[in-house]
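Visitor: Sharing a structure, written as structure tokens. Questions coming.
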Amino acid sequence: MFQPVKKRWTESRWRAYNRARAEDSLAHRTRWKEWRRETRRESQGITAAAPASERHHRTPQRFVAPEVLSLVEEPDASVSFFRGLQAHVKHRDVFVDLSSIRRITPDAIALLLAIVRLLETRGLRVSGTYPDEPMATETIRESGFNDYLKTSMPPSGSKMGAIVRQDLSQHSKQADGQYARKLIDFAEADGGNRLRLKVAYAHLVECMGNTHQHAGARPGEQTWWAAVFRDTRRHCDCFTFVDMGIGIFNSAELSIRLRMYKFTGFRRQRILQELLEGKIPSSTGKAYRGRGLPSIYRSCIDRKVRRFVIVTNDVYADTERNDFRALSHDIKGVLLYWEVPHDS
């Protein structure tokens, strides 16, 4: 009599064999999916974040801000701090120590927010402290900074500033106008003459549109941030525009002409002055980034705005004071700052 044939996959050794094959198949599919994700990230120019086990179990990299964090007033120390944050490429979280700050200005707040959000898009956790100086902390709280970041700090009783950023899902001129109008509406809320803000609106729209077209290798690749702060003590509205691109002196449109100027012995600060005065057109035959920089410069000359300041790469310019100088550190992008007096 024949013994019944036992199904082999019910035996323990075959169960172990089938389980091992299933695990190998799952691991293969997981590796294949990860390869597809990495390929897609590379094609989109996105840097993959480090695994959480590598990133979040290490002590965060600490960056300590100077006592005066202001690109307008203390550009060298501030650029050194911001450059360190911009250059952080390690798979390691970041701790921003603001405790030593005695004074911070709206331009620095806008740039700090832009860089912190950039680090977060790289998959990094960014934490930090507020200044020990109460007035500096209140300036940050009033600026609109906390509208974009999670914080345990209660909201400020009075809001003196507003910040907007480029929505990468919108690139139209109308969208630029809407963003600029938000800032103008906020500035107008102090009850002043809206006509005095007309020139600021035009400059904001120009900056937004030109950053979309020129700041990266492809239109819309780089983001911008824009802010206004109502300075009641100094009786003016402070506007800041942050272009998160490569900076004026790395612009492809200008590179050939700038190299020619270097051969003549011109330094970058002199070149920037020539750009503002409209003496150096781009290779396209248009003024750099449309009429943006020269037009703001002319507004400052004509007293429609005051204290027009530019920080880009390793150059600082305060056009009202005719202060053009080289900086000890190089920063990416462009920061523009100007003021509109309340009584203009």
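Visitor: Which of (1) closer than 26 Å to R37 by Cβ; (2) in the same structural domain as L335 (by TED's automatic domain parsing); (3) not aliphatic (A, V, I, L, M) is the odd one out, the single condition G123 does not satisfy?
Guide: (2)
Visitor: Now for a separate question. If a residue has to be over 11 Å from I104 (Cα atoms), within 22 Å of the chain's Cα centre (by Cα) and of a type outside the set (G, A, S) to count, how many in segment 131-158 make the cut?
Guide: The total comes to 9.
The values are calculated or read from the model by the stated rules, or taken from the named source; none is laboratory data. Model, not experiment: these values are computed from the prediction. In this analysis, Cβ positions are derived from the backbone assuming ideal geometry, glycine residues included, and neighbour counts consider all displayed protein chains.
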